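The values are calculated or read from the model by the stated rules, or taken from the named source; none is laboratory data. Everything numeric here is computed off the predicted structure, so don't read it as measured data. Note that each Cβ is placed from the backbone with ideal geometry, even for glycine, and that neighbours are counted across all protein chains shown. Please note that ligands, DNA and RNA were not included when accessible areas were found on the heavy atoms of the full protein model with its side chains. Shrake-Rupley method; radii C 1.70, N 1.55, O 1.52, S 1.80 Å.
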Amino acid sequence: MTATPLPRLVHIETFGCQMNESDSELVRALLKREGFSFTPDRERADVLLVNTCAIRENAHNKIYAHLTELKEIKKRRPLVIGVLGCMAQNLKSELARQEPLIDILAGPDAYRELPLLLSNALAAQEQGFAQRGFALDLSEYETYEGILPDRNDGVNAWITVMRGCDNFCSFCVVPYTRGRERSRDPESILTEARDAAARGFTQITLLGQNVNSYRYGNWDFARLIGAVADTPGIHRVRFTSPHPKDFPPALLQAIATHPKICKHIHLPLQSGSDRILELMGRTYSAGEYLALVERIRTLIPAVTLTTDIICGFCSESDDDFLETQRVVERIQFESAYIFKYSERKHTIAARKYPDDVPDQVKGARVATLVDIQRRISLERNRRYIGKHVEVLVERNATKSPTQGMGRTDGNITVVWEKGTDPFEPGTLTTKDIFDASAATLYGK
């Protein structure tokens, strides 16, 4: 009798943004369909996959350090190592040349090829030689239709509604790693939403590099998010990220009027200086951004606004940075992701503008802006003290299993002592807020 071969064990580690988390769920689904199994223990794995990010230098450094660790594992035992995602796409030549331990390189549009690539690499390894496989072509059409993601347990389900980006902001590598914009069929998105609800997820976050340019036939993003929010069993729907240049009135109306669409908009600013915004290719001025914020707050008074800001972009002067500070003070975001500019290969900025702001200056500007935003966040969060807020229960708090953690409609973290109250992730509850920090509300 011939023994049935054991399934190959795969361990996948994901770095970077929500889009990468969503892509890792697709990879798991694709590989499981072809007989692969997954393990949380990398020491047991036959295959180690690293899903990578290319947005900032810090992400690159983390991944290179991680590959060094994997090199030591591969010295001890047979192992197939694959690097997936944006870094594989953007730095393919460098990775192929400098990292001989890598057996597989696959870009974000090539995950359907992974089962064959991995099978070939494993078969070659059993025969005592190495076979490297690369799949790095960008696609004008790939949206992974017909594949239901293999999701991790939790409250939130990521659903990618479009892939790629046509904006070509000068600092951004995404059009070169994920290709041009293409939107998914809305019916497949709604099927995925119903599947997520049937599996117990109660929140959906719609993902795209610029979701408000979603178009499929006569469907725009406002119509799509409304249809997803109508899915039975779903309590909340979020989305990220929009672009300020084309924020449609219909989308604002949908957010304002649909009870299940969260009143939270993440609206990347990037800079408050018109000169820097023009160099970045953002296609709006600080004044136009401020006017959009005013329209949003007029229509949705309780909206939570968050943002992204880059400090130290090419040629950014003290005056440019002061303009950014002024805009931040004027808008009063609930929170902000603030980063040092990090030059990315192949981008417009890397080709046209010298990265001439010293790293020390970049760091000082980040620290200044973080201090400003921390003060603003604390002031805005303290407004909740004495109020009742609706919270979607997520999990135990990080610091103590006796505490619960969830989020408000505006995506602000709430922590409370569980006591004897029912605690069921995915349900809505109400908490009385008695204290607040810059990042957290404390309820009872």
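Determine which single condition Gly200 fails, assuming it passes every other condition in (1) open to solvent by less than 30 Å² (accessible area, probe 1.4 Å); (2) modelled with pLDDT of 95 or more; (3) of a type outside the set (Ser, Thr, Tyr).
Among (1) open to solvent by less than 30 Å² (accessible area, probe 1.4 Å); (2) modelled with pLDDT of 95 or more; (3) of a type outside the set (Ser, Thr, Tyr), Gly200 violates only (1).
Tally the residues that are at pLDDT below 95 and either of a type in the set (Asp, Glu) or touching a helix residue (DSSP H, G or I) at 6+ places or on another chain (Cβ under 7 Å) (or both), restricting the search to region 10-22.
5
From the set of residues in region 396-444 that are at positive phi and open to solvent by 40 Å² or more (accessible area, probe 1.4 Å), which is modelled with the highest pLDDT?
Ranking the candidates gives Asn411 first.
Looking only at region 278-296, decide whether some residue is surrounded by fewer than 19 Cβ atoms within 10 Å (Cβ to Cβ), of a type in the set (A, V, I, L, M, F, W, C) and within 22 Å of Thr368 (Cβ to Cβ).
yes
Could you please let me know if Phe201 is in contact (Cβ under 8 Å) with a residue 24 or more places away in the chain, outside any helix (DSSP H, G or I), in contact with a Leu (Cβ under 6 Å, 6 or more places away or on another chain) and among the hydrophobic types (A, V, I, L, M, F, W, C)?
Taking the combined requirement at face value, the residue does not satisfy it.
Looking only at residues in region 165-183 that are within 16 Å of the chain's Cα centre (by Cα) and not charged (D, E, K, R), which one is most open to solvent (accessible area, probe 1.4 Å)?
Only one residue tops the list, namely Cys172.
Taking the condition over 21 Å from Ile310 (Cβ atoms) and open to solvent by 10 Å² or more (accessible area, probe 1.4 Å), does Lys245 pass?
no
Please verify whether Asn20 is part of a helix (DSSP H, G or I), under 23 Å from Asp150 (Cβ atoms), open to solvent by less than 40 Å² (accessible area, probe 1.4 Å) and not assigned by the TED database to the domain that holds Arg182, treating the condition exactly as stated.
Answer is yes for this residue.
Residues checked against (1) over 27 Å from Phe168 (Cα atoms); (2) assigned to a strand (DSSP E or B):
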| residue | (1), (2) |
| --- | --- |
| Ile234 | yes, no |
| Gln253 | yes, no |
| Pro259 | yes, no |
| Pro268 | no, no |
| Arg275 | no, no |
| Thr283 | no, no |
| Ile309 | no, yes |
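Could you identify the single residue in Ile372, Ile376, Ile385 that is open to solvent by less than 90 Å² (accessible area, probe 1.4 Å), within 25 Å of Arg297 (Cβ to Cβ) and in a loop (DSSP other than H, G, I, E, B)?
Answer to the selection: Ile385.
If you go through region 245-269, how many residues are touching an Asp or Glu at 6+ places or on another chain (Cβ under 6 Å) and either not basic (Lys, Arg) or not assigned by the TED database to the domain that holds Thr307 (or both)?
Number of matching residues: 2.
If Ile309 passes every condition in (1) within 18 Å of Leu277 (Cβ to Cβ); (2) crowded, with 19+ Cβ neighbours inside 10 Å; (3) in contact with a Cys (Cβ under 9 Å, 6 or more places away or on another chain) but one, which one does it miss?
Checking Ile309 against (1) within 18 Å of Leu277 (Cβ to Cβ); (2) crowded, with 19+ Cβ neighbours inside 10 Å; (3) in contact with a Cys (Cβ under 9 Å, 6 or more places away or on another chain), the one that fails is (3).
Which is among the small types (Gly, Ala, Ser), out of contact with any Lys or Arg (no Cβ under 8 Å at 6 or more places or on another chain) and either closer than 19 Å to Gly164 by Cβ or touching a residue at least 12 places away in the same chain (Cβ under 8 Å) (or both), of Ala121, Ala110?
Testing whether each residue is among the small types (Gly, Ala, Ser), out of contact with any Lys or Arg (no Cβ under 8 Å at 6 or more places or on another chain) and either closer than 19 Å to Gly164 by Cβ or touching a residue at least 12 places away in the same chain (Cβ under 8 Å) (or both) leaves just Ala110.
Determine which single condition Glu390 fails, assuming it passes every other condition in (1) closer than 24 Å to Thr205 by Cα; (2) assigned to a loop (DSSP other than H, G, I, E, B).
(2)
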